[in-house]
Amino acid sequence: MTAPALEVTGLHRFFGGLPAVRDVSMRVPVGERRLLLGPNGAGKTTLFNLIAGDFPASRGEIRIFGENVTGKTADQRTHLGMARTYQIITLFPKNTLVHNVVISLLGLLKLRFNPLSDIRKHTALWDEARSILALVGLEHLAERTVADTSYGEKRRLEIAMALAQKPKLLLLDEPLAGLSADERRDVERLLQTIPRDVTIIMIEHDMDVALAFADVITVMQHGQIVVEGNRAEVVADPKTREVYLGH
Amino acid sequence: MIRASRQQAVLALVAIAALLAMPWLVTSDYYINIATQIVIAAILAMSLNVLVGFGGMISLGHASYLGVAAYLTIYLSTHAGVGALGSALIAIGATTLLAMLFGYLALRASGLGFLMITLALGQILWGIAYRWASLTGGDNGLGGPIRPRPFGIDLMNPTAFFYFTLIFLVLAVWLISRFVQSGLGQSLQGARDQPRRMRALGYNVWLIQWLSFVFAGFWGAIAGMLYAYYHQFVSPQALHLTTSAETLLMVVAGGTGTLFGPVVGAALVVILKNVVSAYITRWLMLLGVVFVAIVLFMPEGIVPGLRRLRETMKMRPASSAEASLPAAEERTT
Ligand SMILES: Nc1ncnc2c1ncn2[C@@H]1O[C@H](COP(=O)(O)OP(=O)(O)O)[C@@H](O)[C@H]1O
Ligand SMILES: [Mg+2]
């Protein structure tokens, strides 16, 4: 039996005594498409930050592909095959789009420690970055500065930077938020092209948006998991309705 | 940044040509010595700029590397009987090791904490130099004729010594400009702008900053060795906070994160210090005034400031025509 892509047990995170994540346990097998639902402030992003190693858990254990990463740094976890996007866009605004993707590619290469070798001369790197931009439909904007692109383009660049790392476990934090219906369809189609062996966990707070995407849905509220199951189960569960209508 | 680099390379060539021609243009030893001081200060400022400009790590302890390398160069060759080349190599090597230790300590913090640790470490060194008189000569400092004679060239000649230091400046410009575009330099700039994102992309931000810190310390040590050769003397002043602050001033005045900003800043400070101090005794005050003026009128530093000015000059005709339209309308209403 292969280890799950992600296994979280008894995870807690407190902010100044207030729990943002409370006793969360979940298991995501390799290749699964998991949707993480819940209203604003439910603790979804905090859970991602704990999994990615942005800050340590107050209590609990995290395993990625069977390896206990609870004490590992964010960059070490990334080298195990994890990648993520951010809900709040964190790109390099003064650099071009292709340069952003190159920085993403560089993160996994030994070249990142080389003090002499000019990265502009590594043409294969830039070609690869352009091909990844093509994947998300941004090839024509490769030389544009991030600051001069639209919100939807930035969101797609976020995804491109995560894809550049060829992740085995991909965490997407509200990739559809703030997009027009057209852009949303583009991103949904893009997500469908990701190979099936890549495990994806996607956060969304709008219930109707991304149900089609998910094999399993986890609903969070007040830092806890309230419902978990396949689409039919979650939709039928009265607790789901409570989360979405009860406030 | 990438597009500007060809223009920068041309500028560098012009600057180097001008520097090479310097001794023909000014024949007085006095001015050649000032040019030499500028070159040494420029190497130190460029190395600090690796931290401040490209790393976003503001250090107030960069005199540490200048001072320690200068003390070691002089001590080894005048008191320990080590040859010129040996002294220089040991001084640079040991100072780089010191940068490894200081970087390890200072990078436990960031921002203001980092600044305070570099400041404190520098003050400790200054205290040692001042107090441990049996080794350092205390307030009297250390001195002796230590300029080497590489390949039989007499470096006591100011022009020859100027060219000697110029070789190191050219090397510094070349290798630091490469560093800026290298994998490590790009990682450093990413860590400056988005440290969290960089970690998530697989970068060990701490290690990248530490390696860059050591790289900066190495070039600080080169400046220190040249400083020792130039003055043939070193005192606690080389390690003093004002030396660190002056170096930071050069970087900020010239333009952080630009290749040539620190060189311009170094020229400004050294010229003010030497030329103006002949006429005005309170030259530090004048330096303060100049600095305030730069902060007010060119907060980004001289080099980026001039670039901005040139661009607004180019756009002036179009924008002033536009600007006059609403004004004319106002008058009619
Ligand atoms: N860095 C932080 N410091 C303090 N409180 C935080 C921090 N991050 C999140 N929180 C709090 O944790 C709770 C969950 O937030 P978050 O995980 O962002 O929710 P979601 O992503 O589900 O909307 C919120 O009450 C938020 O205010
Ligand atoms: Mg969120």
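Just so you know, all these numbers are worked out from the coordinates, no wet-lab data involved. This is a predicted model, so every value here is computed, not measured. Here Cβ is always computed from backbone atoms with ideal geometry, including for glycine, and neighbour counts include all displayed protein chains.
Centre-to-centre separation between the Cα atoms of segment B:149-198 and those of segment B:6-65: 10 Å.
Here r is the Cβ-Cβ distance between A:Ile194 and A:Gln76 and R0 is 22 Å; the resulting FRET efficiency, rounded to 0.05, is 0.40. If a spin label sat at a point 7 angstrom from the Cα of A:Asn230 along the line to its beta carbon, the backbone N atoms of segment A:192-220 nearer than 12 Å would be those of A:215-217.
Between 0 and 90 degrees, the angle of helix A:151-163 with respect to the longest Cα principal axis of chain A falls at about 90 degrees. For peptide A:113-123, the mean count of partner chain Cβ atoms within 10 Å of a residue's Cβ comes to 6. Taking a ≥ b ≥ c as the square roots of the eigenvalues of the Cα gyration tensor, segment B:68-220 is oblate, since a/c reaches 1.5 or more and a/b is not larger than b/c. Quick check: from the Cα gyration tensor, does segment B:2-263 come out rounded (a/c under 1.5), prolate or oblate? Because a/c hits 1.5 or more and a/b fails to exceed b/c, segment B:2-263 counts as oblate. Taking the empirical scaling 2.2 N^0.38 Å for compact globular proteins as reference, segment A:101-148 has a Cα radius of gyration ratio of 1.22.
According to the square roots a ≥ b ≥ c of the eigenvalues of the Cα gyration tensor, what is the shape class of segment B:157-222, taking rounded for a/c under 1.5, prolate for a/b larger than b/c otherwise, and oblate for the remainder? It is prolate, given that a/c is not under 1.5 and a/b is the larger ratio.
For chain B, the 222 nm mean residue ellipticity estimated from helices alone, with every DSSP H stretch of n ≥ 4 adding -39500 (n - 2.57) and the total spread over all residues, rounds to -25000 deg cm²/dmol. Between A:Val226 and A:Val219, A:Met220, A:Gln221, the built amide H atoms are under 5 Å apart, and every one of these is 5 or more places off in sequence or on another chain. Note on A:Ile88 and A:Ala177: their simple-model spin labels are 1.0 nm apart, each label 7 Å out from Cα toward Cβ. Within 10 Å of the Cβ of each residue in B:172-181, the mean number of Cβ atoms contributed by other protein chains is 2.
In a reduced charge model with +1 at each Lys and Arg Cβ and -1 at each Asp and Glu Cβ, segment A:92-165 shows a dipole moment near 200 debye about its Cα centre. The calculated FRET efficiency for the pair A:Thr123 and B:Leu241, based on their C-beta separation and a Förster distance of 45 Å, comes to about 0.45.
The mean number of Cβ atoms from other chains found within 10 Å of a Cβ in peptide A:87-93 is 3, as a whole number. Pairwise inverse Cα distances across chain A, averaged and inverted, put the Kirkwood hydrodynamic radius at 18.8 Å.
Can you tell me what the convex hull of the Cα atoms of the protein assembly as shown projects to on average, as an area in nm²?
36.2
Peptides A:68-78, B:129-139 ranked from most to least packed give A:68-78, B:129-139, packing being the mean of other C-beta atoms within 10 angstrom over each peptide's residues. Taking a straight Cα-Cα cut-off under 23 Å and skipping sequence neighbours fewer than 8 places away in the same chain, the lysines within cross-link reach of A:Lys94 are A:Lys121, A:Lys154, B:Lys314.
Annotation: extensible slack from B:Met313 through B:Ala15 equals 104.9 nm (criterion: 0.36 nm per residue apart, minus Cα-Cα distance). Computed from the C-beta positions of B:Val170 and A:Ser150, the FRET efficiency with R₀ = 60 Å rounds to 0.85. If you line up the long axis of helix B:261-274 against the longest principal axis of chain B, both from Cα atoms, how many degrees apart are they, to the nearest 10? Roughly 60 degrees between the two axes. Residues in segment B:162-167 carry Karplus couplings, in order, of 4, 5, 4, 5, 4, 4 Hz; the curve used is 6.51 cos²θ - 1.76 cosθ + 1.60 with θ = phi - 60°, and Gly or Pro positions show x.
Segment B:256-275 and segment A:111-143 have their alpha-carbon centroids 35 Å apart.
With the simple spin-label model, which puts each label point 7 Å out from Cα in the Cβ direction, the B:Leu306 to B:Leu135 separation comes to 4.3 nm.
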